[in-house]
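What follows is a single structure, written as structure tokens, with notes after it.
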Amino acid sequence: MLNGKKRKKLNSPNSKSNTLSSAPLYFVHPSAKIGKNVRIDPFTVIHEDVEIGDDSWIASNVTIFSGARIGKSVQIYPGAVISAVPQDLKYAGEQTYTYIGDNTIIRECVTINKGTVAEGKTVVGSNNLIMAYVHVAHDCIVGSNCILANGVTLAGHVTIDDFAIIGGLSAVHQFVHIGSHVMISGGSLIRKDVPPFVKAAHDPLSYVGINSVGLRRRGFSNEAVAAIQEIYRILFVQGHSVSNAVQQIENDIAPSNEREIILSFVKSSPRGLMKGYHKGED
């Protein structure tokens, strides 16, 4: 009871009811396109040229700027800012976009900037968990089924492939590419590319093994895991140059989808790879 009146019960984030009429203290621009069963809580501002898919929840004190394209069943928690102007001095007001895929969870105070003329868009895929205080800068491409833990910071033009997990308070240098099924320890400084299927830790960031537990959980066979491990033993443990390691992998490891994914990543890495395995102190 409050002053003799019953407090109105708010719906849960997964509520199917559309509360556009029961939360009057928000602002939605008339040109914004809001899907069915979308909940928008008080004190949120949604600007022009925004699209939000069905069954999404936008919490209180969220700001969504123009150019946002938000999928279905997305949850955006208080204080998040989506599709803000890039923190790039070259940005000149061009029309660019931010895409958020279905079923992605964006926690408190996350900031995701729209793209620049370089790429035209920033993309966060589907089924991601973007934890509190993460920053995704302009022109980043984040795949699907990724986890970015609290305080992860992505500089501009970073690419993160599917099923990557980045530990809290890690910082990623601009233009870095992080491969699929990677696990990176918290507090890492990621200055070089991180190839698929590996675990990475230490400073400077280095190879510490393959993500065997994650791979098996996602259905990779024991044979595939063993082949991946042998590839990285050649690449990161035996002391070869990258070019010599690639040649040995092509000669000694039987063709497979995993082998081709790794070789394609290594050959196309413009920044170079993180360091190989070493026995130095943490």
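Bear in mind that the values in this text are calculations on the coordinates, not laboratory data. The shown structure was predicted, so the numbers you read here are calculated from the model rather than taken from an experiment. We place every Cβ from the backbone using ideal geometry, glycine too, and count neighbours over all the protein chains shown.
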Under the Karplus relation with 6.51, -1.76 and 1.60 and θ = phi - 60°, whole-Hz ³J(HN,Hα) for the range 40-49, x at Gly and Pro, equal 10, 8, x, 6, 9, 10, 10, 7, 5, 6
Using a/c under 1.5 as the rounded threshold, could you call the range 110-204 rounded, prolate or oblate? The axes a ≥ b ≥ c are square roots of the C-alpha gyration tensor eigenvalues, and prolate needs a/b larger than b/c, oblate otherwise. rounded
Net charge over other residues, Cβ less than 15 angstrom from the Cβ of residue 134 (K, R count +1; D, E count -1): 0
Stretched fully, the stretch from residue 226 through residue 189 gains (0.36 nm per residue minus C-alpha distance, one decimal, in nm) 10.5 nm
Distance (nanometres) between label positions extended 7 Å along Cα→Cβ at residue 233 and residue 117: 5.2
In deg cm²/dmol, rounded to 500, what helix-only [θ] at 222 nm does the chain give when every DSSP H run of at least 4 residues adds -39500 (n - 2.57) and the total is split over its residues? -4000 deg cm²/dmol
For the chain, share of DSSP beta bridges that run antiparallel, in % to the nearest 5: 5
Given axes a ≥ b ≥ c from the Cα gyration tensor, I'd like to know whether the chain is rounded (a/c under 1.5), prolate (a/b larger than b/c) or oblate. prolate
